[in-house]
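The structure under discussion appears below in the form of structure tokens.
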Amino acid sequence: MRIATWNVNSITARLPRLLAWLESSGTDVLCIQETKCADEAFPYAELRELGYEAAVNATGRWNGVAVISRVGLEDVVSGLPGGPDYDGGQEPRAISATCGGVRVWSVYVPNGREVGHDHYAYKLRWLEALRDAVAADAEGERPFAVLGDYNIAPTDDDVYDPAVFEGATHVTPAERAALGALRDLGLSDVVPRPLKYDHPYTYWDYRQLCFPKNRGMRIDLVYGNAPFVKAEQDAYVDREERKGKGASDHAPVVVDLDV
DNA sequence: ATGACTGTAAAATACAGA
């Protein structure tokens, strides 16, 4: 089974590339983030034509997540149980489903904006709620993974220049400790291979030639439990999908499982 | 070559992204 996670930065803007990539990559289950599209405008029909079902948690302009599967889509849970409000309500940042015997979460962790900002405190609370929500599945015998845009670089080696990020979000000890709390549940960081260069970056800013200069960050992560890790055959970042006109600023992370 | 931000609508600028 081929499982992937991809922040598409608008499923509407990315639809031609998304459909082409699903076919060319042979992905069975795709966790998507930043659909930026209300549920009623979600391209269910186009995906169905390719044989995929979709479970969607999205409200419109911002955020939005989905699980797309051609190997079944059961026991969908939309939203993060116990998740904090922001600006008076829950944001669509999490959805989970069971696909072909594998339980997956698609998550879009809050950005945080600046250290000390309300959004940063929200990010840390959101990550605590995520830990609590996935604890039982993490310990289970069923292959399980939380895939998505975590908006955290796990180590200094996961950013192109640590000096650039000094004092910024995405690299703080508190954010990295939140990842540690997930690992304490029995989840492991499934680190993908880069297809070029030394670091498996998954995000490159659109500006200042960051992609050609490989000024990237690894912030799209796959945290899998022991059965998931045991089944893993390969994992890589499909940086080809970051190239050219009409690309997302994130590349897909692909994991092959023997299940 | 991989190329000098992009997407949405609270739209003709503001806001978010990281």
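The values are calculated or read from the model by the stated rules, or taken from the named source; none is laboratory data. Since the structure is predicted, the reported quantities are computational estimates derived from the model, not experimental observations. As a convention, Cβ positions derive from the backbone with ideal geometry for all residues, glycine included, and neighbour counts pool all protein chains shown. Note: areas computed on protein heavy atoms with side chains; ligands, DNA, RNA excluded. Shrake-Rupley method; radii C 1.70, N 1.55, O 1.52, S 1.80 Å.
Does the range A:188-205 include one or more residues that are farther than 21 Å from A:Trp6 by Cα and of a type outside the set (Ser, Thr, Tyr)? So that I can check it myself, show each step before the final result.
Taking the range A:188-205 and keeping what is farther than 21 Å from A:Trp6 by Cα, we get none.
Checked the range A:188-205: no residue is farther than 21 Å from A:Trp6 by Cα and of a type outside the set (Ser, Thr, Tyr).
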Task: Which listed residue is of a type in the set (Asp, Glu), more than 11 Å from DNA strand B (Cβ to nearest atom) and either in contact (Cβ under 8 Å) with a residue 24 or more places away in the chain or within 22 Å of A:Thr35 (Cβ to Cβ) (or both), from A:Asp205, A:Asp220, A:Asp161 - done: A:Asp161
- [ ] Report yes if some residue within the range A:106-128 is assigned to a strand (DSSP E or B), crowded, with 16+ Cβ neighbours inside 10 Å and more than 15 Å from the chain's Cα centre (by Cα); otherwise report no.
- [x] no
Open item on the list: Checking the structure you have, find out if any residue of the range A:244-253 is within 11 Å of DNA strand B (Cβ to nearest atom), farther than 28 Å from A:His117 by Cβ and touching a residue at least 40 places away in the same chain (Cβ under 8 Å).
Closed with: yes
Task: the range A:1-48, residues that are open to solvent by 20 Å² or more (accessible area, probe 1.4 Å), within 12 Å of DNA strand B (Cβ to nearest atom) and part of a helix (DSSP H, G or I) - done: A:Thr12, A:Ala13, A:Leu15, A:Pro16, A:Arg17, A:Asp39, A:Glu40, A:Ala41
Open item on the list: Restricting to the range A:129-158, give me the number of residues that are surrounded by 21 or more Cβ atoms within 10 Å (Cβ to Cβ), of a type in the set (Val, Ile, Thr) and within 15 Å of DNA strand B (Cβ to nearest atom).
Closed with: 1
